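In what follows, a structure is listed as structure tokens, so that the remarks can point back to it.
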Amino acid sequence: MLVRQLERPSGKLEFMAKALWRRSVLGFLILFVAVARSEAAHLRPDFYKSSCPNVESIVRKAVAKKVRETFVTVPATLRLFFHDCFVEGCDASVMIASPRANAEKDAPDNLSLAGDGFDTVIKAKQAVEAQCPGVVSCADILAIAARDVIVLSGGPNFIVELGRRDGLISQATRVAGRLPGPEFNLNLLSSLFRINNLTTYDMITLSGAHTVGFSHCSRFRKRLYSFSSSSSMDPSFNLAYARLLKQACPPNVDPTIAVNMDPYTPTIFDNVYYKNLLNGEGLFSSDEVLFINRLSRPVVQKFAANQTSFFSAFAGSMIKLGRVGVKTGIQGQIRKECTVFN
């Protein structure tokens, strides 16, 4: 299509143009995957074995303290990790605070990130710096903290690969189009994850993090009040669930009001999210589409029926997510403070 728009060769010339275009795209994809794998190959669980052997226990202690203070820490930290990795890679670029409000965290898609996630990483970094100054990156601390909040809320444990460097770029203008939206269909979701070397199966699996998530009413109000020209409410909604949402989120609701994405076990990391999808109780269109679409439905049904299967898949997908766009060696730095570049 791109070749046809630029020029319209015919016959053999058109065939050659298409072939060259396919080859260039294929070459780019091969290079992208090769670079990603090369960088991820530098990660290893025992990266700090000599330089900071107790890093994981230090982080776990700080995270556990924060979770005891407020459960919001769990979904906030998990979402922070995801938003970080999908923009610039897992490099803590989302942590940067800019006096001009033009850093990654200032982008519209990131304004809803809860402060407790940032606070968790900042406090864990301070605890690590007290024992191992200038050694552990904020990117690695965020990765460890994301694993820890999952475990502390009842989810699966898994090994965190370490060795990331903190990124040197954090710009609000680079966020748009890199994060999934609440109205995305299966194709859009799959494409976005594929760009990050994650499969559709990974996407369905990682969506399970919504079992401990929450959302502001503005993110899904269209499904309740202005879904389409033929229906004010999304017909895929469970009616009883929709009534509850309307009570919590009336048309002129306070924009700070948020609701749990799993209304039944919101503080437990479990497979109830998938059970909810079977009943038309997915909060976002991008949640419910996982069950509506026949291609993704079998995975939703499998996870809804078997929590062990979901936990195993989630652990594996989190490890893959932690490899997205990582910086190692001279590609980044070890920040002294997570919110500012050195």
Practice task
Say whether the condition of being of a type in the set (S, T, N, Q) and crowded, with 22+ Cβ neighbours inside 10 Å is met by at least one residue in the stretch 86-96.
Solution key: yes
Practice task
State the number of residues belonging to the stretch 117-146 that are under 25 Å from Gly316 (Cβ atoms) and touching a helix residue (DSSP H, G or I) at 6+ places or on another chain (Cβ under 7 Å).
Solution key: 12
Exercise for the section: For residues that are in contact with a Phe, Trp or Tyr (Cβ under 6 Å, 6 or more places away or on another chain) and hydrophobic (A, V, I, L, M, F, W, C), scanning just the stretch 137-153, find the one that is farthest from Gly322 (Cα to Cα). Expected result: Ile150
Exercise for the section: Would you tally the residues in the stretch 185-205 being closer than 21 Å to Asn271 by Cα and open to solvent by 20 Å² or more (accessible area, probe 1.4 Å)? Expected result: 3
Fill in the blank from the handout: Going through the stretch 38-71 in order, the residues found to be open to solvent by 10 Å² or more (accessible area, probe 1.4 Å) and aliphatic (A, V, I, L, M) are Ala40, Ala41, Leu43, Ile58, Ala62, Ala64, Val67
Exercise for the section: For the stretch 241-285, name all the residues that are small (Gly, Ala, Ser) and either without any contact (Cβ under 8 Å) to a residue 12 or more places away in the chain or under 23 Å from Ser153 (Cα atoms) (or both). Expected result: Ala258, Gly282
Fill in the blank from the handout: Result of the Cβ filter at 9 Å on the stretch 34-49, keeping first residues that are at pLDDT 85 or above and partners that are open to solvent by 80 Å² or more (accessible area, probe 1.4 Å), at least 6 apart or interchain, is Leu43/Arg323; Pro45/Ile159; Asp46/Pro53; Tyr48/Asn54
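Confirm whether Val74 is within 18 Å of the chain's Cα centre (by Cα), β-branched (Val, Ile, Thr) and surrounded by fewer than 18 Cβ atoms within 10 Å (Cβ to Cβ). Show your work before the answer.
Details: within 18 Å of the chain's Cα centre (by Cα): yes; β-branched (Val, Ile, Thr): yes; surrounded by fewer than 18 Cβ atoms within 10 Å (Cβ to Cβ): no.
No; evaluated as a whole, the condition is false for this residue.
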Completion exercise
The condition from (1) crowded, with 19+ Cβ neighbours inside 10 Å; (2) more than 27 Å from Phe71 (Cβ to Cβ) that Arg100 misses is numbered (1)
Practice task
Exactly one condition in (1) of a type in the set (D, E, K, R); (2) modelled with pLDDT of 50 or more; (3) surrounded by 12 or more Cβ atoms within 10 Å (Cβ to Cβ); (4) in a helix (DSSP H, G or I) is not met by Lys18; state its number.
Solution key: (2)
Completion exercise
Of the conditions (1) assigned to a loop (DSSP other than H, G, I, E, B); (2) over 15 Å from Ala139 (Cβ atoms); (3) at pLDDT 50 or above, the single one that Val87 does not satisfy is (2)
Exercise for the section: Take the residues in the stretch 136-184 that are open to solvent by less than 30 Å² (accessible area, probe 1.4 Å), under 24 Å from Pro99 (Cβ atoms) and hydroxyl-bearing (Ser, Thr, Tyr), then tell me which one is nearest to the chain's Cα centre (by Cα). Expected result: Ser170
Fill in the blank from the handout: Okay, helices (runs of 4 or more DSSP H) sitting entirely in the stretch 234-320 with 3 or more residues that are surrounded by fewer than 17 Cβ atoms within 10 Å (Cβ to Cβ) and either in contact with a Pro (Cβ under 6 Å, 6 or more places away or on another chain) or modelled with pLDDT of 95 or more (or both), I get 239-248, 297-305
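The values are calculated or read from the model by the stated rules, or taken from the named source; none is laboratory data. Computed from a predicted model, the values in this text were never measured in an experiment. With ideal geometry, Cβ positions are generated from the backbone for all residues, glycine too; neighbour counts draw on all protein chains shown. Accessible surface is based on the protein model in full, side chains and every heavy atom, while ligands, DNA and RNA are left aside. Shrake-Rupley method; radii C 1.70, N 1.55, O 1.52, S 1.80 Å.
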